[in-house]
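Notes follow the structure.
What follows draws every value from the coordinates through simple rules; no lab data is involved. Every value quoted in this text rests on a predicted model; they were computed, and no experiment measured them. Heads up, the Cβs are rebuilt from the backbone with ideal geometry, glycines too, and the neighbour counts pull from every protein chain shown.
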Amino acid sequence: MKRTISILLAFALLITLATPALAASGFSDVAADAWYADAVEFAQSHGLMSGTGNNRFSPDVTTSRAMLVTILYRNAGSPSVSTDAGFSDVGDDYYKDAVNWAAANDVVNGYDNGTFGVNDPISRQDAATILWRYKGEPTASSADFADENAIADYASAAVDWARANGIINGKGENRFDPRGDTTRAEMATILMNYLKEDEPAPSGSKTLVVYFSATGSTERVGGYIADTLDADTFELVPTNPYTSADLNWTTPGSRVNQEHDDPSLRNIDLVADTVENWDNYDTVFIGYPIWWGIAAWPVDTFIKANDFTGKTVIPFCTSSSSGLGESGQLLADMAGTGNWQEGQRFSSGASESTVREWALSRQR
Ligand SMILES: Cc1cc2nc3c(=O)[nH]c(=O)nc-3n(C[C@H](O)[C@H](O)[C@H](O)COP(=O)(O)O)c2cc1C
């Protein structure tokens, strides 16, 4: 009996391992690592797009004009509609209210021949135009696409707006492809970009103070900086913390001596090496004690694990007597990304007012 259970368990494990991971949306044709997985999840969880049956999302299927107005109508809360735009191809279908609502709100006009073109694929320039009108036709300027001349006059301002706000981006070679179709995966992405634009920016500080501190000095200084700038803090904690014996560099063979003598031992695992909401921070202070003239190496793990692109990074350190030296530059080289500023050294016992004054001088 026991043997049967373990065989069954082994089987279950094999099946789990063999099945590709699905995205949070749970659709069988949306893999967790698909570029549109987050967008599909967003569109689904906001009630904008549902599956196409049999637990499928059909990401590569083209979006029709009727589908887009239906999505917008749902987003508007499906209000009751009393007008009829009289499009000859809109019968008693699921999209009837949506199309009439969109026409009543000047979001769509339909074609000159009196039809709406319900099943026609929605072109990229028309998708931009419909969303732009729904938004109230805001003005925005942006650079021209290489195929700018191919964009219809009525869509020109809409495409500018869509580009300026990152709602519909160009394709390769700076082309917009105005008459190209929009797949359901692309539509989910466009909707996510569009609706997220309306969401309030996440509250909270845009400044983060990250530090490693073995004996509390750097932590104290980091705390002063965070208090002064109303910043968040993130402490780097080694999975295997340093004891006082570990830190004693006067004892030959102590942990720090071994790590100092053999750089291959300096890859220190941290309890956490990534920060929640990392994208929200535009300024990151990085603090560490000086060990043998350089940054204490537990910070290296954090530096290597994160992308500093677009962030201002300001190193600071504490030491008994050494200066900052090359420690900041070495970390900047290690990171390879980020706008690294000149750092600052504080003595281990630096006063609150000294740190506060410096922090204020670094405020942008
Ligand atoms: C292993 C080790 C090496 C150190 N090397 C230096 C050094 O080269 N220069 C220096 O001025 N202080 C050195 N110190 C002293 C620390 O930089 C200083 O005490 C620092 O403020 C400690 O910060 P913490 O309390 O945040 O760990 C060293 C300390 C340790 C434990």
Legend entry - Distance in nm between pseudo-label sites at ALA305 and GLU173 (7 Å out along the Cβ direction from Cα): 4.3
Legend entry - the range 310-364: GluC sites (Glu not before Pro) in DSSP coil with no more than 11 other Cβ atoms inside 10 Å: GLU342
Inset, instruction - Could you work out, for the chain, what percent of all Cα-Cα pairs fall into each 20 Å distance bin, beginning at 0 Å and stopping at the bin that holds the largest distance? - result: 23, 36, 31, 10, 0
Legend entry - the range 19-77 - Kirkwood radius from inverse mean 1/r over Cα pairs (Å): 11.9
Inset, instruction - Would you calculate a helix-derived [θ] at 222 nm for the chain, using -39,500 (n - 2.57) for each DSSP H run of n ≥ 4 and dividing by the full residue count, to the nearest 500? - result: -11000 deg cm²/dmol
Inset, instruction - Note the full-extension length gain between ASP279 and LEU195 as 0.36 nm times their separation in residues minus their Cα-Cα distance, in nm to one decimal. - result: 28.4 nm
Inset, instruction - Evaluate the relative contact order of the chain (contact order divided by residue number), counting alpha-carbon pairs under 8 angstrom at least 6 apart; express in whole percent. - result: 11
Inset, instruction - Place a label point 7 angstrom from the Cα of THR239 along the Cα-to-Cβ direction, then list the residues of the range 268-311 whose backbone nitrogen is under 14 Å away. - result: 268-274, 301-302
Legend entry - Sorted by Cβ density within 10 Å, fewest first, the residues ASP112, ASP307: ASP112, ASP307
Legend entry - Sequence-distant residues sharing a close amide H with VAL209 (under 5 Å, placed H): ASP232, THR233, PHE234, PHE285
Legend entry - Order of ARG220, ARG56 - criterion: other Cβ atoms within 10 Å of each residue's Cβ, fewest first: ARG56, ARG220
Legend entry - FRET efficiency, SER78 to ASP153 (Cβ-Cβ, R0 41 Å, nearest 0.05): 0.80
Legend entry - Kirkwood Rh, angstrom, the range 16-198 [1 / mean 1/r, Cα pairs]: 17.1
Inset, instruction - Please express the shape of the range 207-362 as an equivalent ellipsoid: the semi-axes are the square roots of 5 times the eigenvalues of the C-alpha gyration tensor, given largest first in whole angstrom. - result: 24, 18, 14
